[in-house]
Amino acid sequence: MTEEIADVGRGISLAYERIGDRGAEPLVLVAGLGQQLHSWPDAFCAQLAERGFEVIRFDNRDAGRSTHPRFRPPSLFGMLAGRFPPQQYDLKDMAADTAGLLDALALERVHIAGVSMGGMISQTVAALYPDRVRTLTSIMSTTGSRLIGRPALSTWRLMGAKPPSTREEAVASAVRMFRHIGSHGYPFDEAWVRETAGKGWDRDPTAGGVGRQLAAILKSGNRTALLRRITAPTLVIHGDRDRMVHPTGGAATARAIPGARLETVRGMGHDLPEGAWPTILGLIGEHARSSDVTAP
């Protein structure tokens, strides 16, 4: 795995990695809010590659080693009131970044899978660039409707905490958050959370990216009508113990996308616990392979 940087247009560059054989079917993994490319675990990606995919994982704008805008993020109260700075991007802009990465890597059509905010971006790519998406897998995500898929009140309180100012604070904050929103039906891997958070701080200690990404989600509003335009075969995966995106968000996503299939993973919260990998990997692989039968 060698990290590289791609110019995806409009002044945005994205850091990315390619895992697996270059001749294999490309599968693009899109990270969630404030997450970086390594939030998709190395072993998880390797097992996808062993299933016959070339895996591409990357840092969204405002995360990791990708482009960070310089404007100040709006406050949480400002976001909820619909007040955004003129420079604020939205999920369509982040979808355009992803399409630009496909262009930069000369990938015509791909399987795409995203978690949480990454699921929202992947949904938007499938809706706006239908010829580029072979299959869509939306994991622990939602439609943007304020009526469903909302975080628990306890999760909002954690999200409203003061941002960390040191590596140690960033690691402690990640442990606290994932103990809360993680998969309570599986063992909590604190060592991995600490390692991932520490690496994230080392790659990107800047402040503001998470706030601007959250603003992009809220600025995009309810995307239910947009999701009805998706034509790619769609799989929706959601845990039944998700405190960040309530399972109603996954159910609404599946209802909004024509022909989508919902799979609920028992005991899973808002992370990718290793104990659930066989189920998740199997679902993604089976879904991608099903397109071989249905493709024109």
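The values are calculated or read from the model by the stated rules, or taken from the named source; none is laboratory data. Here the structure is a predicted model, which means the values were calculated and not measured. Heads up, the Cβs are rebuilt from the backbone with ideal geometry, glycines too, and the neighbour counts pull from every protein chain shown.
Quick notes on this structure:
- Filter result (among the aliphatic types (A, V, I, L, M) and either exposed (fewer than 13 other Cβ atoms within 10 Å of the Cβ) or at pLDDT 95 or above (or both)) within segment 153-187: LEU153, ALA161, ALA170, VAL171, ALA172, ALA174, VAL175, MET177, ILE181
- Lone qualifier among GLY64, GLY32 - being assigned to a loop (DSSP other than H, G, I, E, B), touching an Asp or Glu at 6+ places or on another chain (Cβ under 6 Å) and buried (at least 21 other Cβ atoms within 10 Å of the Cβ): GLY64
- TRP201 meets the conditions (1) of a type in the set (Phe, Trp, Tyr); (2) touching an Asp or Glu at 6+ places or on another chain (Cβ under 8 Å); (3) within 22 Å of ASN60 (Cα to Cα) in every case but one. The failed one is (2).
- Checking GLY200, GLY275 one by one, the residue that is within 30 Å of ARG70 (Cβ to Cβ), at pLDDT 95 or above and of a type in the set (Gly, Ala, Ser) is GLY200 and no other.
- In segment 110-147, residue nearest to the chain's Cα centre (by Cα) [restricted to those that are in contact (Cβ under 8 Å) with a residue 60 or more places away in the chain and in a loop (DSSP other than H, G, I, E, B)]: SER116
- Close contacts from segment 18-43, counting a first residue that is more than 26 Å from THR142 (Cα to Cα) and a second that is surrounded by fewer than 23 Cβ atoms within 10 Å (Cβ to Cβ) and hydroxyl-bearing (Ser, Thr, Tyr), with Cβ to Cβ under 9 Å and a gap of 6+ residues or different chains, come to ARG18/THR2.
- Filter result (closer than 30 Å to LEU48 by Cβ and in contact with a Lys or Arg (Cβ under 9 Å, 6 or more places away or on another chain)) within segment 69-97: TYR89, ASP90, LEU91, ASP93, MET94, ALA96, ASP97
- The condition of being modelled with pLDDT of 95 or more and at negative phi holds for only one of ARG10, ARG57, ARG70, that being ARG57.
So that you can scan it fast, the table gives a plain yes or no per residue for (1) in contact with a Leu (Cβ under 8 Å, 6 or more places away or on another chain); (2) at pLDDT 95 or above; (3) aromatic (Phe, Trp, Tyr):
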site	(1), (2), (3)
PRO74	no, no, no
ASP103	no, yes, no
MET117	yes, yes, no
MET120	yes, yes, no
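- For the criterion of being over 19 Å from the mean Cα position of the chain (by Cα), surrounded by fewer than 22 Cβ atoms within 10 Å (Cβ to Cβ) and closer than 23 Å to HIS270 by Cβ, LEU105 fails.
Conditions (1) buried (at least 19 other Cβ atoms within 10 Å of the Cβ); (2) out of contact with any His (no Cβ under 7 Å at 6 or more places or on another chain); (3) over 30 Å from GLY82 (Cα atoms), marked per residue:
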residue: THR206; (1), (2), (3): no, no, no
residue: LEU218; (1), (2), (3): yes, yes, no
residue: ALA225; (1), (2), (3): no, yes, no
residue: VAL245; (1), (2), (3): yes, no, no
residue: GLY259; (1), (2), (3): no, yes, yes
residue: MET268; (1), (2), (3): yes, yes, yes
residue: LEU281; (1), (2), (3): no, yes, yes
residue: GLU286; (1), (2), (3): no, yes, yes
residue: ARG289; (1), (2), (3): no, yes, yes
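- Scanning segment 248-277 for residues that are touching a Gly at 6+ places or on another chain (Cβ under 7 Å) and either under 16 Å from GLY144 (Cβ atoms) or small (Gly, Ala, Ser) (or both) yields THR248, GLY249, ALA252, GLY267, GLY269.
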